[in-house]
1. How about region 104-158: which trypsin sites (Lys or Arg not before Pro) there are in a DSSP loop, with at most 15 other Cβ atoms within 10 Å of their Cβ?
2. Assigning unit charges at the beta carbon (Lys, Arg +1; Asp, Glu -1) and nothing else, what dipole magnitude in debye, to the nearest 20, does the chain show about its Cα centre?
3. Antiparallel as a % of all DSSP beta bridges within the chain, to the nearest 5?
4. Rank 28, 120, 265 by how far each Cα sits towards the positive end of the charge dipole of the chain (+1 on Lys, Arg Cβ; -1 on Asp, Glu Cβ) and give me just the farthest.
5. Okay, helix-only estimate at 222 nm for the chain: each DSSP H run of n ≥ 4 adds -39500 (n - 2.57), divide by all residues, round to 500 deg cm²/dmol; what do you get?
6. Can you pull out the GluC sites (Glu not before Pro) in region 163-215 whose DSSP state is coil and whose Cβ has at most 13 other Cβ atoms within 10 Å?
Amino acid sequence: MADLEALETFATAVRTGSFAGAARVLGVTPAMVGRRIQALEQRYGTRLIERTTRAQRLTEAGEAFLARAEAVLDAAAELDDSMSAEPGRLEGRIRMTGPATLGVFSLARIVARFQQANPAVTVEMILTDRRLDLIADGLDLAVRIGELQNSTMIARRVGTYRLMLVASPHHLARHGTPAEPGDLARARCLINLNMSPRNRWPFERNGKREVAEVEGGLQIDNGEALRSALLEDAGIAYMPADMVSADIASGRLVPLLTGWKMLSLPIYLIHPSRRVPRRLTALMDVLAGELRQSHPD
């Protein structure tokens, strides 16, 4: 009978697309990955993965073996959960990633409450505006903003992320207030390098869509830094509503072109496997509930 470690190694090598990728996820050497998969092939007397110097692919036998291996791993995970020393107690480690701004204003608060309620669960959260590779970086969960590329990841929409146009009162007093999106072409704009495209800001009103082509001498890849520049009267920026709502309420920033609808993006939870331990299911349910309340569609 194949051991679970070997089955997990085989399934991980398939998901990551390479022995080296599986080694990074599992914390072993590529040679160890190769030995475990070779042992499976010897045990069952068939080639499971065809490898060349540039690529690997499953054989027909490997595809059938993968389906059965994943079923065994699913059953083993369910058994572990059901035989926990304290039924209902969540434990273990979760590695997740999310966008920096959403992390600062929402995710950290939600995850902190979850971890306090489940002290045997360790959550490692990487906040970055770069889209990390869940498989290569050994992550269990990602929160993503924006449309997703086609992939084998499992996605769940949990809310809508809205942006708005703002500037400081002092900047507007010196340089004027735009009345239409077209006025932004002549304005001093602050460019968010994480937007794509970064210099085309979309607006919509009464079914009419308009895209403002903007330019700016200050271009930054961090939302908090853009906010600081706004508060220094440096220009006009297209910003996450989360980040600037308190500044608007206090009068430090002013919303612009409020008669126009601005960019809104879907928020997703994504994870790389249908084998989801209870601790991860519980965290995703909490995140989904909280984000749907704070960022409704």
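1. Answer by residue number: 130, 131.
2. Details: 37 positive and 35 negative charges, 71 e Å.
The dipole magnitude comes to about 340 debye.
3. So the antiparallel bridges amount to about 65 percent of the total.
4. Going by the charge dipole, the pick is 265.
5. Mean residue ellipticity at 222 nm (helix-derived): -12000 deg cm²/dmol.
6. For GluC sites (Glu not before Pro) across region 163-215 that sit outside H, G, I, E and B with at most 13 neighbouring Cβ atoms in 10 Å, the list reads 215.
Laboratory data are not the source of any read-out in this text; all were calculated from the coordinates shown. All values reported here derive from a predicted model rather than from experimental measurement. Cβ coordinates were reconstructed from backbone atoms using ideal geometry, including for glycine residues, and neighbour counts include every protein chain displayed.
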